[in-house]
């Protein structure tokens, strides 16, 4: 599946989840899916929990997140504050 085909699975609509990027046809945000993965959920666990999701939907979330960060400038984290 091409990048374009994956990214077509992600939509932004101000009327859905206050305009956050979501998987097409759901109210599941890209951020929510990435957070599940970051905290140890597997793709298969997420698909089993949310009917209708596919592996491509999960991959689309990761690609969207990656593309969103490409032109972002970061400052060092202040680890002393945590």
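FYI, it's all coordinate maths here, none of it is from the lab. These numbers come from a predicted model, not from an experiment. In this analysis, Cβ positions are derived from the backbone assuming ideal geometry, glycine residues included, and neighbour counts consider all displayed protein chains.
Within the stretch 1-16, name every residue whose backbone N is under 18 Å away from a label modeled 7 Å from Cα of residue 67 along the Cβ vector.
1-14
Can you give me the Kirkwood hydrodynamic radius for the stretch 13-61, using every pair of distinct Cα atoms, in Å to one decimal?
One over the average 1/r among Cα pairs gives 11.0 Å for the stretch 13-61.
Taking the chain as a Gaussian network, where each spring joins two C-alpha atoms under 10 Å apart, which residue of 59, 24, 67 fluctuates the most?
In the Gaussian network model the winner is 67.
Looking only at Cα atoms, what is the convex hull volume of the stretch 1-40 per residue, in Å³?
Here the figure is 73 Å³ per residue.
How tilted is helix 55-69 with respect to the longest principal axis of the chain? Cα atoms for both, answer in degrees (0 to 90, nearest 10).
30 degrees
When 64, 74, 32 are ordered from fewest to most other Cβ atoms inside 10 Å of their Cβ, what list results?
Numbers: 64 22, 74 6, 32 18.
Lowest count first: 74, 32, 64.
Write down the radius of gyration of the chain and its Dmax, each obtained from C-alpha positions, in Å.
Rg and Dmax of the chain, Cα atoms, are 14.1, 43 Å.
Which value in nm describes the separation of the simple spin-label points at residue 3 and residue 51, placed 7 Å from the Cα toward the beta carbon?
3.6 nm
Which residue, 46, 33, 58, has the most motion in a Gaussian network model of the chain that connects Cα atoms within less than 10 Å?
In this elastic network of the chain, the residue with the biggest mean-square fluctuation among 46, 33, 58 is 46.
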